[in-house]
1. Taking segment 1-10 on its own, how many of its residues are surrounded by 19 or more Cβ atoms within 10 Å (Cβ to Cβ) and assigned to a helix (DSSP H, G or I)?
2. Looking at Ala224, Ala143, Ala182, Ala137, which one is within 26 Å of His284 (Cα to Cα) and free of Cβ contacts under 8 Å to residues at least 60 places away in the same chain?
3. Quick one: in segment 11-23, of everything that is of a type outside the set (Asp, Glu) and open to solvent by 30 Å² or more (accessible area, probe 1.4 Å), which residue is farthest from His198 (Cα to Cα)?
4. When you go through (1) touching a Ser or Thr at 6+ places or on another chain (Cβ under 6 Å); (2) modelled with pLDDT of 95 or more one by one for Phe194, which number turns out not to apply?
5. What about Pro218, is it in contact (Cβ under 8 Å) with a residue 24 or more places away in the chain, under 17 Å from Gly62 (Cα atoms) and open to solvent by 60 Å² or more (accessible area, probe 1.4 Å)?
6. Does segment 243-253 hold any residues that are part of a helix (DSSP H, G or I) and either hydroxyl-bearing (Ser, Thr, Tyr) or surrounded by 15 or more Cβ atoms within 10 Å (Cβ to Cβ) (or both), and which are they?
7. Has segment 59-67 got at least one residue that is more than 13 Å from Val86 (Cβ to Cβ) and at pLDDT 90 or above?
8. Only one of (1) at pLDDT below 95; (2) open to solvent by 70 Å² or more (accessible area, probe 1.4 Å) is not met by Pro27, so which one is it?
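The values are calculated or read from the model by the stated rules, or taken from the named source; none is laboratory data. This one's a predicted model, so the numbers in the text were calculated from it and none came from an experiment. FYI the Cβ positions are ideal-geometry reconstructions off the backbone, even for glycines, and counts take in every protein chain you see. Accessible surface areas use protein heavy atoms only, side chains included; no ligands, DNA or RNA. Shrake-Rupley method; radii C 1.70, N 1.55, O 1.52, S 1.80 Å.
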Amino acid sequence: MWIYRGRSGQRVVQDWCRQRLACWTVPHRHHVMRGGDPQDSHTAHAVICGEEHRDTLVVVPGRHANAAVLVPLLEVLATRYRVIAVDLPGEAGLGSGGRPNTERLRHYGEWFDQVLATAATDREVTVLAHGFGATVALAARPAPHVAGLVLLGPNGVVRPAVRPAAAAALARWRLAPTAASAERLLARLGGRDFVAPHALVEWMCLVGRHVAMSSQPPADPELARAWAATPCTVAVGEQDPLFGDGRLDRAVRSTLRTSVLTVPDVGALMPFEDPSAVLAVLRHHETVRPHPIRWAN
């Protein structure tokens, strides 16, 4: 499946990403992992920064996100880690616009196996994945070079909640991707005090106009079960309308053998709402605790 509605739309979306990265003051470089065809679902793009650090973090964005949109988060992470942020094939960004038509999770898992093998080289890596990016990470095969998983508001383990207000905002944005509808959608997904930055609103308008909408693969707990022996931290925003109601707790305990960390004052858009909270989750992961934790305000 080709995700863009036209070649001109693809150019607009990718030019936005290139310009945003070109204006980014943090030293970084680009790396392209090519598949057999420029439009296939294995061609990927990565942004690498923080190369002075030993510990490597592979960042997998959620739906409609990519390295260019996540530069505020990457800037914070690069103070502590060598960061490799990948643009998912089949999502708007600098990766391939081709998305697997069938057996999507198997294809994504094979793709991410290759990414991890390339990223690891002579060192172990930790995977930081958000939303649908967590589904992709769980679809890969556990391997010795994967030291751990940090999953933020992960799809793929259980179905998200359906909130009427969020569903209505999503429908309005799909029908009319204006700044107002994008702001409304982001407000419904974020925490109570989240005000979406202009760049994120602008990006969502571009995605709504130029990228065909599609559904996500259904949750598959068996994929998570395969990772039970790998150290894993799962974190959910206290005000997350999709997973903040505790629906992940039992499934995460039974499949990943860990508990869910509740992060206060954020919703489903934690990487955009509070990058410092993401860094705190990573620090928590480095001292994995066996019991559920609720952070104090």
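1. 1
2. On the way: Ala224 fails: free of Cβ contacts under 8 Å to residues at least 60 places away in the same chain; Ala182 fails: within 26 Å of His284 (Cα to Cα); Ala137 fails: free of Cβ contacts under 8 Å to residues at least 60 places away in the same chain.
Matching residue, one of Ala224, Ala143, Ala182, Ala137: Ala143.
3. Out of the qualifying residues, it is Arg11.
4. Tallying (1) touching a Ser or Thr at 6+ places or on another chain (Cβ under 6 Å); (2) modelled with pLDDT of 95 or more, Phe194 fails exactly one: (1).
5. yes
6. Selection gives Leu248, Asp249, Ala251, Val252.
7. yes
8. Pro27 satisfies all of (1) at pLDDT below 95; (2) open to solvent by 70 Å² or more (accessible area, probe 1.4 Å) except (1).
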